[in-house]
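Report on one structure; see the data block that follows.
The values are calculated or read from the model by the stated rules, or taken from the named source; none is laboratory data. Owing to the predicted nature of the structure, the values given are computational and were not obtained by experimental measurement. Reconstructed Cβ throughout: ideal geometry from the backbone, glycine too, with neighbour counts over all protein chains shown.
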Amino acid sequence: MVGDLPFLPAGTTLPPAPYLLVVLLATGGVVAALRRRRPRVTGRRVLALAPWMALGSAAHVLYVVDALPPLLSPFAGSPTVYLTVGSLAGAAWLVADATRPDRVPAVLAVAGTLLLAPVVAVAVSTGLSPEGARWSTIALVLTIPIAGAVWVGLTRLRPETAITGGVGALAVFAHALDGVSTAVGTTHLGFGERTPVSRILLEIGGLPSLPVVGEGWLFLLVKLAVASAVVWLFAGYIRETPGEGYLLLGFVAAVGLGPAAHNLLLFAVAA
(Lines give C-alpha, C1' and ligand atoms only; values in the text may rest on other atoms or scores of the structure.)
Protein backbone atom coordinates (compact mmCIF):
# COMPACT_ATOMS: atom_id res chain seq x y z
CA MET A 1 0.00 0.00 0.00
CA VAL A 2 1.48 3.32 -1.06
CA GLY A 3 -1.67 5.47 -0.94
CA ASP A 4 -0.56 7.18 2.27
CA LEU A 5 2.15 9.10 0.43
CA PRO A 6 1.34 12.77 -0.26
CA PHE A 7 -0.65 13.54 -3.41
CA LEU A 8 -1.28 9.85 -4.18
CA PRO A 9 -4.91 8.63 -4.19
CA ALA A 10 -5.97 6.53 -1.21
CA GLY A 11 -5.93 2.83 -2.05
CA THR A 12 -2.90 3.06 -4.35
CA THR A 13 -1.17 -0.31 -4.23
CA LEU A 14 1.59 -2.26 -5.92
CA PRO A 15 1.03 -5.93 -6.81
CA PRO A 16 3.39 -8.73 -5.73
CA ALA A 17 6.75 -8.60 -7.49
CA PRO A 18 6.02 -11.37 -10.05
CA TYR A 19 2.82 -9.61 -11.19
CA LEU A 20 4.54 -6.24 -11.32
CA LEU A 21 7.33 -7.73 -13.43
CA VAL A 22 4.84 -9.26 -15.89
CA VAL A 23 2.94 -5.97 -16.23
CA LEU A 24 6.10 -3.93 -16.71
CA LEU A 25 7.52 -6.35 -19.28
CA ALA A 26 4.22 -6.43 -21.19
CA THR A 27 3.91 -2.66 -21.13
CA GLY A 28 7.53 -2.18 -22.17
CA GLY A 29 7.18 -4.70 -24.99
CA VAL A 30 4.02 -3.09 -26.36
CA VAL A 31 5.51 0.41 -26.14
CA ALA A 32 8.64 -0.76 -27.95
CA ALA A 33 6.53 -2.40 -30.67
CA LEU A 34 4.43 0.75 -31.09
CA ARG A 35 7.54 2.91 -31.38
CA ARG A 36 8.98 0.55 -33.98
CA ARG A 37 5.81 0.31 -36.08
CA ARG A 38 4.62 3.90 -35.45
CA PRO A 39 0.95 3.38 -36.40
CA ARG A 40 -0.77 6.51 -37.67
CA VAL A 41 -2.49 8.50 -34.92
CA THR A 42 -5.70 10.31 -35.83
CA GLY A 43 -8.58 11.79 -33.90
CA ARG A 44 -10.86 8.89 -34.87
CA ARG A 45 -8.35 6.30 -33.69
CA VAL A 46 -7.87 8.02 -30.34
CA LEU A 47 -11.63 8.46 -29.93
CA ALA A 48 -12.03 4.70 -30.53
CA LEU A 49 -10.04 4.10 -27.35
CA ALA A 50 -12.90 5.43 -25.19
CA PRO A 51 -14.17 1.93 -24.24
CA TRP A 52 -10.63 1.00 -23.20
CA MET A 53 -10.49 4.10 -20.97
CA ALA A 54 -13.56 2.81 -19.14
CA LEU A 55 -12.36 -0.81 -19.12
CA GLY A 56 -9.55 -0.21 -16.65
CA SER A 57 -11.87 1.53 -14.21
CA ALA A 58 -14.53 -1.16 -14.55
CA ALA A 59 -11.94 -3.85 -13.87
CA HIS A 60 -10.80 -1.94 -10.80
CA VAL A 61 -14.39 -1.96 -9.51
CA LEU A 62 -14.25 -5.77 -9.65
CA TYR A 63 -11.05 -5.55 -7.62
CA VAL A 64 -12.72 -3.28 -5.06
CA VAL A 65 -15.76 -5.53 -4.60
CA ASP A 66 -13.54 -8.64 -4.55
CA ALA A 67 -15.18 -10.21 -7.61
CA LEU A 68 -12.00 -11.30 -9.40
CA PRO A 69 -10.28 -14.70 -9.17
CA PRO A 70 -7.20 -14.52 -6.92
CA LEU A 71 -4.95 -15.23 -9.90
CA LEU A 72 -6.18 -12.12 -11.77
CA SER A 73 -6.90 -9.76 -8.89
CA PRO A 74 -3.37 -8.25 -8.58
CA PHE A 75 -3.57 -7.08 -12.22
CA ALA A 76 -6.58 -4.91 -11.39
CA GLY A 77 -5.26 -2.89 -8.46
CA SER A 78 -4.63 0.81 -8.86
CA PRO A 79 -2.54 1.95 -10.72
CA THR A 80 -1.51 -1.46 -12.10
CA VAL A 81 -4.83 -1.92 -13.87
CA TYR A 82 -4.12 1.05 -16.15
CA LEU A 83 -0.84 -0.47 -17.29
CA THR A 84 -2.59 -3.81 -17.77
CA VAL A 85 -5.37 -2.35 -19.91
CA GLY A 86 -3.01 0.05 -21.65
CA SER A 87 -0.81 -2.81 -22.82
CA LEU A 88 -3.88 -4.72 -24.05
CA ALA A 89 -5.14 -1.65 -25.93
CA GLY A 90 -1.72 -1.08 -27.45
CA ALA A 91 -1.51 -4.71 -28.54
CA ALA A 92 -4.98 -4.48 -30.09
CA TRP A 93 -3.92 -1.34 -31.96
CA LEU A 94 -0.84 -3.11 -33.31
CA VAL A 95 -2.85 -6.10 -34.50
CA ALA A 96 -5.53 -3.90 -36.08
CA ASP A 97 -2.93 -1.73 -37.81
CA ALA A 98 -1.17 -4.80 -39.20
CA THR A 99 -4.27 -6.70 -40.35
CA ARG A 100 -6.97 -4.09 -41.02
CA PRO A 101 -5.23 -0.72 -41.41
CA ASP A 102 -8.31 0.80 -43.04
CA ARG A 103 -10.55 -0.28 -40.15
CA VAL A 104 -8.44 0.52 -37.10
CA PRO A 105 -10.96 2.82 -35.34
CA ALA A 106 -13.80 0.30 -35.76
CA VAL A 107 -11.65 -2.64 -34.62
CA LEU A 108 -10.39 -0.77 -31.56
CA ALA A 109 -13.86 0.42 -30.56
CA VAL A 110 -15.48 -3.00 -31.02
CA ALA A 111 -12.68 -4.87 -29.23
CA GLY A 112 -12.78 -2.48 -26.28
CA THR A 113 -16.56 -2.70 -26.03
CA LEU A 114 -16.54 -6.50 -26.21
CA LEU A 115 -14.10 -6.59 -23.28
CA LEU A 116 -15.90 -3.89 -21.30
CA ALA A 117 -19.38 -5.43 -21.53
CA PRO A 118 -18.65 -8.67 -19.60
CA VAL A 119 -16.65 -6.79 -16.96
CA VAL A 120 -19.62 -4.50 -16.32
CA ALA A 121 -21.96 -7.51 -16.35
CA VAL A 122 -19.90 -9.31 -13.73
CA ALA A 123 -19.84 -6.19 -11.55
CA VAL A 124 -23.62 -5.81 -11.80
CA SER A 125 -24.10 -9.51 -11.04
CA THR A 126 -22.48 -9.02 -7.62
CA GLY A 127 -25.56 -7.03 -6.61
CA LEU A 128 -27.19 -3.89 -7.95
CA SER A 129 -27.90 -1.01 -5.58
CA PRO A 130 -31.14 0.69 -6.69
CA GLU A 131 -30.20 3.92 -4.94
CA GLY A 132 -26.68 3.93 -6.35
CA ALA A 133 -27.87 3.04 -9.85
CA ARG A 134 -30.42 5.86 -9.70
CA TRP A 135 -27.82 8.45 -8.76
CA SER A 136 -25.40 7.12 -11.39
CA THR A 137 -28.11 7.58 -14.00
CA ILE A 138 -28.90 11.08 -12.75
CA ALA A 139 -25.21 12.00 -12.90
CA LEU A 140 -24.90 10.73 -16.48
CA VAL A 141 -28.08 12.46 -17.65
CA LEU A 142 -27.11 15.75 -15.98
CA THR A 143 -23.62 15.65 -17.49
CA ILE A 144 -24.81 15.54 -21.10
CA PRO A 145 -26.31 19.06 -21.25
CA ILE A 146 -23.55 20.48 -19.03
CA ALA A 147 -20.77 19.12 -21.23
CA GLY A 148 -22.67 20.08 -24.37
CA ALA A 149 -23.09 23.66 -23.18
CA VAL A 150 -19.43 23.95 -22.19
CA TRP A 151 -18.26 22.53 -25.54
CA VAL A 152 -20.51 24.86 -27.54
CA GLY A 153 -19.45 27.84 -25.44
CA LEU A 154 -15.78 26.94 -25.74
CA THR A 155 -15.84 26.54 -29.51
CA ARG A 156 -17.70 29.83 -29.91
CA LEU A 157 -15.47 31.74 -27.53
CA ARG A 158 -12.32 30.12 -28.93
CA PRO A 159 -13.20 28.87 -32.44
CA GLU A 160 -9.72 27.40 -32.88
CA THR A 161 -10.57 24.67 -30.36
CA ALA A 162 -12.91 23.09 -32.92
CA ILE A 163 -9.83 21.50 -34.51
CA THR A 164 -9.62 19.12 -31.54
CA GLY A 165 -12.86 17.55 -32.78
CA GLY A 166 -14.28 14.50 -31.07
CA VAL A 167 -11.24 14.04 -28.84
CA GLY A 168 -11.62 17.55 -27.43
CA ALA A 169 -15.34 17.03 -26.91
CA LEU A 170 -14.61 13.70 -25.19
CA ALA A 171 -12.13 15.40 -22.85
CA VAL A 172 -14.72 18.01 -21.83
CA PHE A 173 -17.43 15.36 -21.38
CA ALA A 174 -15.13 13.05 -19.43
CA HIS A 175 -14.12 15.68 -16.90
CA ALA A 176 -17.68 16.99 -16.63
CA LEU A 177 -18.85 13.44 -15.84
CA ASP A 178 -16.07 12.99 -13.31
CA GLY A 179 -17.02 16.26 -11.64
CA VAL A 180 -20.76 15.59 -11.56
CA SER A 181 -20.44 11.96 -10.44
CA THR A 182 -17.94 12.83 -7.71
CA ALA A 183 -20.19 15.61 -6.42
CA VAL A 184 -23.21 13.30 -6.47
CA GLY A 185 -21.33 10.51 -4.72
CA THR A 186 -20.05 12.69 -1.90
CA THR A 187 -23.33 14.58 -1.47
CA HIS A 188 -25.91 11.81 -1.66
CA LEU A 189 -24.17 8.45 -1.27
CA GLY A 190 -21.53 9.06 1.38
CA PHE A 191 -18.55 8.27 -0.85
CA GLY A 192 -15.27 10.09 -0.26
CA GLU A 193 -12.74 11.42 -2.74
CA ARG A 194 -9.46 9.45 -2.85
CA THR A 195 -7.30 12.10 -4.53
CA PRO A 196 -5.91 14.60 -1.96
CA VAL A 197 -6.14 17.73 -4.15
CA SER A 198 -9.71 16.94 -5.17
CA ARG A 199 -10.62 16.19 -1.57
CA ILE A 200 -9.50 19.68 -0.54
CA LEU A 201 -11.91 21.25 -3.05
CA LEU A 202 -14.77 19.03 -1.91
CA GLU A 203 -14.19 19.73 1.78
CA ILE A 204 -14.21 23.53 1.59
CA GLY A 205 -16.89 24.63 4.02
CA GLY A 206 -19.38 27.47 3.90
CA LEU A 207 -20.35 27.07 0.25
CA PRO A 208 -23.99 27.32 -0.82
CA SER A 209 -25.54 23.99 -1.74
CA LEU A 210 -26.97 23.45 -5.20
CA PRO A 211 -29.55 20.83 -6.24
CA VAL A 212 -28.08 17.41 -7.07
CA VAL A 213 -24.39 18.40 -6.83
CA GLY A 214 -24.62 19.98 -3.36
CA GLU A 215 -21.44 21.80 -2.34
CA GLY A 216 -19.50 19.82 -4.96
CA TRP A 217 -20.32 22.45 -7.60
CA LEU A 218 -16.95 24.12 -6.93
CA PHE A 219 -15.12 20.88 -7.75
CA LEU A 220 -17.21 20.53 -10.92
CA LEU A 221 -16.53 24.14 -11.90
CA VAL A 222 -12.78 23.72 -11.47
CA LYS A 223 -12.82 20.48 -13.50
CA LEU A 224 -14.70 22.18 -16.33
CA ALA A 225 -12.42 25.21 -16.31
CA VAL A 226 -9.24 23.14 -16.35
CA ALA A 227 -10.52 20.77 -19.05
CA SER A 228 -11.62 23.69 -21.23
CA ALA A 229 -8.26 25.43 -20.81
CA VAL A 230 -6.35 22.26 -21.68
CA VAL A 231 -8.43 21.65 -24.81
CA TRP A 232 -7.85 25.26 -25.90
CA LEU A 233 -4.10 24.94 -25.30
CA PHE A 234 -3.98 21.70 -27.29
CA ALA A 235 -5.61 23.27 -30.33
CA GLY A 236 -2.33 24.74 -31.55
CA TYR A 237 -0.45 21.55 -30.71
CA ILE A 238 -2.86 19.47 -32.79
CA ARG A 239 -2.62 21.93 -35.67
CA GLU A 240 1.18 21.66 -35.70
CA THR A 241 1.68 18.02 -34.66
CA PRO A 242 -1.66 16.22 -34.92
CA GLY A 243 -0.39 12.75 -34.05
CA GLU A 244 1.22 13.70 -30.75
CA GLY A 245 -1.48 16.27 -30.00
CA TYR A 246 -4.38 13.85 -30.38
CA LEU A 247 -2.58 11.16 -28.38
CA LEU A 248 -1.82 13.46 -25.45
CA LEU A 249 -5.30 14.99 -25.49
CA GLY A 250 -6.65 11.44 -25.47
CA PHE A 251 -4.66 10.85 -22.30
CA VAL A 252 -6.26 13.96 -20.79
CA ALA A 253 -9.67 12.54 -21.69
CA ALA A 254 -8.75 9.20 -20.11
CA VAL A 255 -7.77 10.90 -16.86
CA GLY A 256 -11.36 12.14 -16.63
CA LEU A 257 -13.30 9.26 -18.18
CA GLY A 258 -11.55 6.57 -16.15
CA PRO A 259 -12.49 7.95 -12.70
CA ALA A 260 -15.96 8.90 -13.99
CA ALA A 261 -16.69 5.37 -15.22
CA HIS A 262 -15.33 4.01 -11.93
CA ASN A 263 -17.69 6.28 -10.00
CA LEU A 264 -20.79 5.33 -11.96
CA LEU A 265 -20.20 1.58 -11.77
CA LEU A 266 -19.08 1.59 -8.14
CA PHE A 267 -22.11 3.61 -7.07
CA ALA A 268 -24.38 1.18 -8.92
CA VAL A 269 -23.02 -1.90 -7.16
CA ALA A 270 -21.67 -0.70 -3.81
CA ALA A 271 -23.79 2.27 -2.65
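Here are some notes:
- Being within 19 Å of the chain's Cα centre (by Cα) and farther than 23 Å from residue 270 by Cα is a description that does not apply to residue 141.
- Filtered residue count, the range 160-188, keeping only those that are touching a Ser or Thr at 6+ places or on another chain (Cβ under 6 Å), of a type in the set (S, T, N, Q) and buried (at least 24 other Cβ atoms within 10 Å of the Cβ): 0
- Taking residues in the range 70-93 that are within 18 Å of residue 253 (Cβ to Cβ), and partners anywhere that are part of a loop (DSSP other than H, G, I, E, B) and modelled with pLDDT under 95, the pairs with Cβ atoms closer than 8 Å and at least 6 places apart or on different chains are 79/12.
- Residue within the range 178-200 that is out of contact with any Cys (no Cβ under 6 Å at 6 or more places or on another chain), of a type in the set (Gly, Ala, Ser) and more than 25 Å from residue 64 (Cβ to Cβ) present: no
- Complete set of residues in the range 12-45 that are farther than 17 Å from residue 72 by Cβ and not in a helix (DSSP H, G or I): 12, 38, 39, 40, 41, 42
- A residue that is polar (S, T, N, Q), modelled with pLDDT under 95 and over 15 Å from the mean Cα position of the chain (by Cα) can be found somewhere in the range 208-216.
- Of the helices (runs of 4 or more DSSP H) lying entirely inside the range 191-271, those containing at least 3 residues that are closer than 17 Å to residue 162 by Cα are 217-240, 242-270.
- The selection criterion, being closer than 18 Å to residue 177 by Cα and outside the structural domain of residue 164 (by TED's automatic domain parsing), holds for residue 61.
The rows are residues; the columns are (1) buried (at least 16 other Cβ atoms within 10 Å of the Cβ); (2) out of contact with any Ser or Thr (no Cβ under 8 Å at 6 or more places or on another chain).
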{"residue": "198", "(1), (2)": "yes, no"}
{"residue": "227", "(1), (2)": "yes, yes"}
{"residue": "233", "(1), (2)": "no, yes"}
{"residue": "254", "(1), (2)": "yes, yes"}
{"residue": "259", "(1), (2)": "yes, no"}
{"residue": "269", "(1), (2)": "yes, no"}
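- Of all the numbered requirements in (1) within 17 Å of residue 143 (Cβ to Cβ); (2) touching a Leu at 6+ places or on another chain (Cβ under 9 Å); (3) surrounded by fewer than 16 Cβ atoms within 10 Å (Cβ to Cβ), residue 204 misses one, and that requirement is (1).
- Scanning the range 186-201 for residues that are closer than 23 Å to residue 137 by Cα and either at pLDDT 95 or above or polar (S, T, N, Q) (or both) yields 186, 187, 198.
- Residue in the range 184-199 that is over 27 Å from residue 268 (Cβ atoms) and in the same structural domain as residue 228 (by TED's automatic domain parsing) present: no
- Of all residues making up the range 75-105, the number that are within 20 Å of the chain's Cα centre (by Cα) and in a helix (DSSP H, G or I): 17
- Failed item, numbered, when residue 121 is tested on (1) touching a residue at least 24 places away in the same chain (Cβ under 8 Å); (2) assigned to a helix (DSSP H, G or I); (3) exposed (fewer than 15 other Cβ atoms within 10 Å of the Cβ): (1)
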